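A short write-up of the structure that comes next.
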Amino acid sequence: VDALQGVNAKFGAASGDIDINDCHGEYMEANTASGDISIKASYKKYSINTSSGDIGLESRHDADVVAHSTSGDVEVRIAEALETYQVSMHSVSGECSTYGQTKSESMVPTKTIEAKTVSGEINVRFL
């Protein structure tokens, strides 16, 4: 899906990849049972879930993020991190890492990122 503007969006697939580019709005949800999810967008809130597949999110602005994969890697990139984030990561059999810093001087988190996987790595990057 390309260039969906100003609406809440919900995407789903039983078996197959989901690829979303240049969309923006308030809320996005993407779910797949078996397949990768790749998102490059500007939403204020994301809910991304896959049972078997990788998740790649590049949010062009600050956002609240929930990203879960049972078997796969989770990568979250926030391009213009102006808010302060509370980051929660959990992987049973993989590494969890955070790179970069937000530009906010506030110590009180205003946004959250929750990333979980059973079998895979988690990377959160503030660019």
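The values are calculated or read from the model by the stated rules, or taken from the named source; none is laboratory data. All figures in this text were calculated on a predicted structure; none of them were measured in a lab. Here the Cβ is made from the backbone with ideal geometry for all residues, glycine too, and neighbour counts use every protein chain on show. When the accessible area is computed, the model is the full protein with side chains, heavy atoms only, and any ligands, DNA or RNA have been set aside. Shrake-Rupley method; radii C 1.70, N 1.55, O 1.52, S 1.80 Å.
For (1) part of a strand (DSSP E or B); (2) surrounded by fewer than 17 Cβ atoms within 10 Å (Cβ to Cβ); (3) within 9 Å of the chain's Cα centre (by Cα), each residue gets a yes or a no:
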position: Y46; (1), (2), (3): yes, no, yes
position: D62; (1), (2), (3): no, no, no
position: A67; (1), (2), (3): yes, no, yes
position: R77; (1), (2), (3): yes, no, yes
position: A81; (1), (2), (3): no, no, no
position: Q86; (1), (2), (3): yes, yes, no
position: V108; (1), (2), (3): no, yes, no
position: T112; (1), (2), (3): yes, yes, no
position: T117; (1), (2), (3): yes, no, no
Per-region count, the stretch 86-127, residues of a type in the set (D, E, K, R) and more than 23 Å from N49 (Cβ to Cβ): 2
Complete set of residues in the stretch 1-37 that are assigned to a strand (DSSP E or B), open to solvent by 50 Å² or more (accessible area, probe 1.4 Å), closer than 17 Å to V65 by Cα and touching a Gly at 6+ places or on another chain (Cβ under 9 Å): H24, E26
Check on K103, among the basic types (K, R), outside any strand (DSSP E or B), at pLDDT below 95 and over 13 Å from the mean Cα position of the chain (by Cα): yes
Residue check, E58 open to solvent by 10 Å² or more (accessible area, probe 1.4 Å), of a type outside the set (F, W, Y) and more than 18 Å from M89 (Cβ to Cβ): no
